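Below is one structure, written out as structure tokens, with a few remarks after it.
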Amino acid sequence: MDAGTAIRIARESAGLSKRELARRAHTSPAAIVAYESQRQDPSWRTLQRILQAAGTRAELLLRANPVDPIVSGRRLAEVLELAEHLPHRPASRRLSYPVFPA
């Protein structure tokens, strides 16, 4: 669930107006509107503060997205195929790393 939806659900469940939630969370009503409409994403701390003001809390669940080597290989092949259609740099104009003084 995105942050804006979580804020809206928490606010509506608490029976709060956007203005009242903003007052309790020490932010502006415009910020609540921007978050709920997903025009802006709150920081994790701001999200926690707003949800706490609505009487709920957020939990962060991190999970790894497994990498499918077949899909990754196909994407790499597509990128390489697209790269073949880009203009080539002449061999005389090789890129090199800058030398930094020790």
Stretched fully, the stretch from Gln52 through Leu76 gains (0.36 nm per residue minus C-alpha distance, one decimal, in nm) 4.2 nm
To the nearest 20 debye, segment 3-53 has a Cα-centred charge dipole, built from +1 on Lys and Arg Cβ and -1 on Asp and Glu Cβ, of 140
Computed from the coordinates I sent, Rg and Dmax of the Cα atoms in Å equals one of (1) 13.7, 47; (2) 14.4, 48; (3) 24.0, 69. Tell me the label. (3)
If amide hydrogens are placed 1.01 Å from N in the peptide plane, which non-local residues have theirs closer than 5 Å to the one on Ser28? none
Which of Val99, Val33 comes first, and how do the rest follow, when ranked by fewest Cβ neighbours within 10 Å? Val99, Val33
Helix-only estimate, please: 222 nm mean residue ellipticity of the chain, summing -39500 (n - 2.57) across DSSP H runs of length 4 or more and dividing by its residues, to the nearest 500. -16000 deg cm²/dmol
Assuming a ≥ b ≥ c are the square roots of the Cα gyration tensor eigenvalues, decide whether segment 3-53 counts as rounded (a/c under 1.5), prolate (otherwise, with a/b larger than b/c) or oblate. rounded
Between Gln38 and Asn65, what is the label-to-label distance in nm when each label sits 7 Å out along the Cα-to-Cβ direction? 1.6
Selection from Thr27, Thr5, Pro69 lying farthest towards where the dipole of the chain points positive, charges on Cβ: Thr27
Where does the longest stretch of the chain lie that holds no trypsin sites (Lys or Arg not before Pro) found in a DSSP loop with 11 or fewer other Cβ atoms within 10 Å? 1-38
Treating only the Cβ of Lys, Arg, Asp and Glu as charged (+1, +1, -1, -1), what charge dipole size does the chain show about its Cα centre? Round to the nearest 20 debye. 440
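Values quoted throughout were computed directly from the atomic coordinates according to the rules given, and no laboratory measurement underlies them. All of these numbers come straight from a predicted model, not from anything done at the bench. Every residue, glycine as well, gets a Cβ built from its backbone with ideal geometry; the counts of neighbours run over all protein chains shown.
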